[in-house]
């Protein structure tokens, strides 16, 4: 079930993503495209959500818990916080569990987001994107890898946002990230100001914050 969910979910959303011809976006384990089947039409994503009985997200104010950054418009005001100016695909929740974030275009000042970094840097906890490199624990372990790696689970509960609840924070590999960068990478799932690269290990981090 996990293999079907990850692959089909990624393929269903691909119809809404910018398509960039970049060798860096190929499957690094084979050198071929991650998805080799037909790209579904835009009706596939709502059909998929209905099949798993997921409700669409209805969050219009930008927040990294609910929104995946797809593109960034640079504000003339460097201090302007991110705001949603367009939606590529809607997100989905099942009960209190986040299934998929909405893909959005945002407007933000340079003190909050670097436009190229936030839109193009490696996206963690993602199997595949048309427009940016993705890194997931199911990559590179053979055809059964998606069956034997866990989902990332995020929840909205009792007025708080719970990120990556199954992580074991006692497992901390050596890495040159400060606490702020670690939390940003966990919340946004990508770099937002300085590109932290594709070789980080945020998978054992967890975090709880008050819901907006």
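The values are calculated or read from the model by the stated rules, or taken from the named source; none is laboratory data. Just so you know, these numbers come straight off a predicted model, no measurement behind them. Ideal geometry is used to build each Cβ from the backbone, glycine not excepted, and the neighbour counts take in all protein chains shown.
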Residue that is modelled with the lowest pLDDT, among those in region 24-58 that are touching a strand residue (DSSP E or B) at 6+ places or on another chain (Cβ under 7 Å) and within 22 Å of residue 105 (Cβ to Cβ): 45
Candidate set: region 132-151, residues that are modelled with pLDDT of 75 or more and not in a loop (DSSP other than H, G, I, E, B); chosen: the one farthest from residue 199 (Cα to Cα): 134
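Just for region 177-194: of the residues that are in a loop (DSSP other than H, G, I, E, B) and loosely packed, with under 15 Cβ neighbours inside 10 Å, which one is modelled with the lowest pLDDT? I'd like the intermediate steps shown before the answer.
Here is the first cut: in region 177-194, the residues in a loop (DSSP other than H, G, I, E, B) are 177-178, 189-194.
After this cut, where a residue has to be loosely packed, with under 15 Cβ neighbours inside 10 Å as well, the list is 178, 194.
On the way: 178: 91, 194: 96.
Going through the qualifying residues, I end up with 178.
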Region 152-164, subset within 16 Å of the chain's Cα centre (by Cα) and assigned to a loop (DSSP other than H, G, I, E, B), residue modelled with the lowest pLDDT: 152
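Mind listing whichever residues of region 46-72 are part of a helix (DSSP H, G or I) and farther than 22 Å from residue 161 by Cα?
Of the residues in region 46-72, the ones part of a helix (DSSP H, G or I) are 46-51.
Those that are part of a helix (DSSP H, G or I) and farther than 22 Å from residue 161 by Cα: 46, 47, 48, 50, 51.
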In region 120-131, what residues are modelled with pLDDT of 85 or more, in a loop (DSSP other than H, G, I, E, B) and out of contact with any strand residue (DSSP E or B) (no Cβ under 9 Å at 6 or more places or on another chain)? 121
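Return the only residue of 14, 61 being modelled with pLDDT of 90 or more and over 20 Å from residue 195 (Cβ atoms).
Details: 14 fails: modelled with pLDDT of 90 or more.
The match here is 61.
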Subset of region 171-183 [out of contact with any helix residue (DSSP H, G or I) (no Cβ under 8 Å at 6 or more places or on another chain) and without any contact (Cβ under 8 Å) to a residue 24 or more places away in the chain]: 174, 176, 178, 179, 180, 181
For the list (1) surrounded by fewer than 18 Cβ atoms within 10 Å (Cβ to Cβ); (2) within 17 Å of residue 153 (Cα to Cα); (3) modelled with pLDDT under 90; (4) touching a strand residue (DSSP E or B) at 6+ places or on another chain (Cβ under 9 Å), I need the number of the one condition that residue 9 fails. (1)
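Counting just the residues of region 195-207 that are in contact with a helix residue (DSSP H, G or I) (Cβ under 7 Å, 6 or more places away or on another chain) and in a loop (DSSP other than H, G, I, E, B), which one comes out farthest from residue 110 (Cα to Cα)?
That would be 205.
Is one or more of the residues making up region 73-84 part of a loop (DSSP other than H, G, I, E, B), surrounded by fewer than 20 Cβ atoms within 10 Å (Cβ to Cβ) and on the phi > 0 side of the Ramachandran plot?
Applying the first criterion (part of a loop (DSSP other than H, G, I, E, B)) to region 73-84 yields 75-82.
Of the ones still in play, those that are also surrounded by fewer than 20 Cβ atoms within 10 Å (Cβ to Cβ) are 76-81.
Then drop every residue that is not on the phi > 0 side of the Ramachandran plot, which leaves none.
Among the residues of region 73-84, not one is part of a loop (DSSP other than H, G, I, E, B), surrounded by fewer than 20 Cβ atoms within 10 Å (Cβ to Cβ) and on the phi > 0 side of the Ramachandran plot, which makes the answer no.
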